[in-house]
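Undergrad: Take this structure, written in structure tokens, and hold onto it; I'll ask about it next.
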Amino acid sequence: MAEVKIVRSAAEAGVIVAERIAAQIVDNPALVLGVATGSTPETTYRSLAELVRERSLDMRGVRAFALDEYVGLSPEHAQSYAAVVDREVTRPLGLQPGNVHVPDGMAADDASSQMYEQAIENAGGIDLQLLGIGSNGHIGFNEPGSAFDSRTRVTALIESTRCDNARFFDSIDQVPTHAVTQGIGTILEAKSVVLLAFGAPKAAAIAAALEGPVTEDLPASILQRHPHALVVVDQAAASELTR
Ligand code: F6R
């Protein structure tokens, strides 16, 4: 069962999770971080960047793997996850660019998906995976119906996800229809996972993920079975929890 922390704000969550990551980096300067993109982890990256500066953390050995990438967006596209990770993670945290990996949205085939899996394995696996949750319960871009043993692959985005993400683009037509994502099976192999969710639009998905049945129809529900899962939510996202 996941440990659940209810906090007052996304900023508070960011401080808590950043402290946890910073402590792990002190213990293991070659930590392998799994990084989500989107709005949810922004406060964590900001707080962690502050801790890196204040405590002069040595980030030269820290590795990072992104959860996913849009198919058809090159790293030069401002909304590609390669660009987002570079802006929000690599530069502010002072990571070595060569230690930061994002699936190749321009190759987006079985061979490059397998290479991504291999790169994670070669790094010794992910120590701490940060996750957001879609309003439909997706993690990474594993939409409802994704197999719990799925691996990194190309997958179609469902319409509601494209609508949710249209805010990052000029119009919904520009939101890619496909993505490369770590699979649920890949995510589950992370030694620990931290799922973050803020705001009322996430409340139903959080309640279903934590208190509903474990089902492929609600991908995040599998985190109930992860041995080291922490869920940090604000009061709005926690508002439909009953236990
Ligand atoms: C992003 C990702 C997605 C997002 C989710 C929530 O790398 O894998 O699962 O975490 O769609 O997005 P936000 O945080 O923008 O609400």
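Undergrad: PRE reach from Asp149 (point 7 Å along Cα→Cβ): which of segment 104-124 fall under 19 Å by backbone N?
TA: 114, 117-118
Undergrad: Output the relative contact order of segment 107-218, whole-number percent, from Cα pairs under 8 angstrom with separation of 6+ residues.
TA: 37
Undergrad: Helix check for the chain. Which DSSP H runs span at least 20 Å along their own axis by Cα, with a mean Kyte-Doolittle hydropathy no less than -0.5?
TA: Going by DSSP H runs, the hits are 10-27.
Undergrad: Oh, and also: At 1.4 Å probe size, with the rest of the protein present, what percent of the exposed accessible area of segment 62-140 is carbon and sulfur atoms?
TA: Solvent-exposed carbon and sulfur of segment 62-140 make up 50 percent of the total.
Undergrad: Suppose only helical runs count, i.e. DSSP H with n ≥ 4. What mean residue ellipticity at 222 nm does that imply for the chain under -39500 (n - 2.57) per run, divided by all residues and rounded to the nearest 500 deg cm²/dmol?
TA: Details: 7 runs with 70 residues, N = 243.
It comes out at -8500 deg cm²/dmol, rounded to the nearest 500.
Undergrad: What number comes out for accessible area per residue over segment 1-62 if the probe is 1.4 Å? Units Å², please.
TA: Accessible area per residue, segment 1-62: 48 Å².
Undergrad: Could you give the length gained on full extension between Ala78 and Thr177, defined as 0.36 nm per residue of separation minus the Cα-Cα distance, in nm? Intermediate values should be presented prior to the final figure.
TA: Details: separation 99, 0.36 × 99 = 35.64 nm, distance 1.70 nm.
Stretched fully, the Ala78-Thr177 segment lengthens by 33.9 nm.
Undergrad: For segment 155-243, what does the alpha-carbon gyration tensor say about shape, rounded, prolate or oblate, given a ≥ b ≥ c as the root eigenvalues, a/c under 1.5 as rounded, and a/b over b/c as prolate?
TA: Verdict is oblate for segment 155-243.
Undergrad: Subtract the Cα-Cα distance of Glu211 and Gln114 from 0.36 nm times their separation in residues, and report this length gain in nm to one decimal.
TA: Roughly 31.6 nm would be gained on extension.
Undergrad: How would the chain be classified by its alpha-carbon gyration tensor: rounded, prolate or oblate, with rounded meaning a/c under 1.5 and the a/b versus b/c comparison settling the rest?
TA: The shape class here is rounded.
Undergrad: What is the gain in length, in nm to one decimal, between Asp27 and Ala156 on full extension, counting 0.36 nm per residue of separation less the C-alpha to C-alpha distance?
TA: 42.6 nm
Undergrad: Rank Ile187, Ser146, Gly105 by how far each Cα sits towards the positive end of the charge dipole of the chain (+1 on Lys, Arg Cβ; -1 on Asp, Glu Cβ) and give me just the farthest.
TA: Comparing the listed Cα positions along the dipole, Ile187 ranks first.
The values are calculated or read from the model by the stated rules, or taken from the named source; none is laboratory data. Just so we're clear, the structure is a prediction, and the values are computed from it rather than from any experiment. Note that we place each Cβ from the backbone using ideal geometry, even for glycine, and neighbour counts take in every protein chain shown. These accessible areas exclude ligands, DNA and RNA; they are computed on the full protein's heavy atoms, side chains included. Shrake-Rupley method; radii C 1.70, N 1.55, O 1.52, S 1.80 Å.
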